[in-house]
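Asks: Before we start, here is the structure in question, set down as structure tokens.
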Amino acid sequence: MTNSQTDSNPEIEQQLDTLAELCCDTLTGGEPMLAERSDALLKSLLMSGFARKQGRDLRSEIESRVKDRCQERAIHRGGALTSLTDKLQKQFDDLAQRDSEQPQRGTPSKAANISSATDA
């Protein structure tokens, strides 16, 4: 078990493993819909607190797992793997950005009564 796995939880580990499997499948041409399938996993990772984990980078976590799982494919398709993990990282960053902006989209709060709304 790596150091990054010791400060994680089983849900995050499962989601990362599944993303790595999707990448392995994509590298062999077996999974053409990585973006669609990964969206739910990335949302779950975000909700599980992966973005708050200090020192954990989604791109490197997935690349490491892909290299462990499908060494032959990962070695010969390094550029493709980097491209895949870059896309996943961007997709995750976009989700995290949207999630952090949601509270600001609502209507601004209003004063509870007239004296709170004025300097009186």
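Asks: Name the pairs whose Cβ atoms lie under 9 Å apart, with the first residue in region 82-103 and within 16 Å of Thr18 (Cβ to Cβ), the second buried (at least 17 other Cβ atoms within 10 Å of the Cβ) and of a type in the set (Phe, Trp, Tyr), and 6 or more positions between them or separate chains?
Replies: Phe92/Phe50
Asks: Go through (1) modelled with pLDDT of 90 or more; (2) of a type in the set (Asp, Glu); (3) under 14 Å from the mean Cα position of the chain (by Cα) for Glu36 and report which single condition fails.
Replies: For Glu36, the failing item is (1).
Asks: If you go through region 98-114 one residue at a time, do you hit one that is within 26 Å of Asn9 (Cα to Cα), modelled with pLDDT of 90 or more and not small (Gly, Ala, Ser)?
Replies: no
Asks: I want to confirm something. Restricting to region 40-54 and keeping residues that are closer than 15 Å to Gln89 by Cβ and charged (D, E, K, R), which single residue is surrounded by the most Cβ atoms within 10 Å (Cβ to Cβ)? Break it down into steps so the answer makes sense when it comes.
Replies: First, the residues of region 40-54 that are closer than 15 Å to Gln89 by Cβ: 41-43, 45-46, 50-51, 53.
Retained after the next criterion (residues that are charged (D, E, K, R)): 43, 53.
Details: Lys43: 15, Lys53: 17.
Step by step, filter region 40-54, then rank; the result is Lys53.
Asks: Got at least one residue in region 78-93 being part of a loop (DSSP other than H, G, I, E, B), modelled with pLDDT of 85 or more and among the small types (Gly, Ala, Ser)?
Replies: Looking only at region 78-93, we keep the residues that are part of a loop (DSSP other than H, G, I, E, B), and these are none.
The answer is no, given that none of the residues of region 78-93 is part of a loop (DSSP other than H, G, I, E, B), modelled with pLDDT of 85 or more and among the small types (Gly, Ala, Ser).
Asks: Here's another thing I want to ask about it. Restricting to region 1-33, and then to whatever is of a type outside the set (A, V, I, L, M), under 16 Å from Asp57 (Cβ atoms) and modelled with pLDDT of 85 or more, can you tell me which residue is surrounded by the fewest Cβ atoms within 10 Å (Cβ to Cβ)? Reasoning before the result, please.
Replies: Filtering region 1-33 down to residues of a type outside the set (A, V, I, L, M) leaves 2-11, 13-15, 17-18, 21, 23-26, 28-32.
Now narrow it down to the ones that are under 16 Å from Asp57 (Cβ atoms): 2-5, 7-8, 13, 15, 23.
Narrowing the set further to residues that are modelled with pLDDT of 85 or more leaves 13, 15, 23.
Details: Glu13: 16, Gln15: 21, Cys23: 27.
The selected residue is Glu13.
The values are calculated or read from the model by the stated rules, or taken from the named source; none is laboratory data. Quick caveat, the model's predicted, so the values are computed rather than measured. Backbone-built Cβ (ideal geometry, glycine too); neighbour counts: all protein chains shown.
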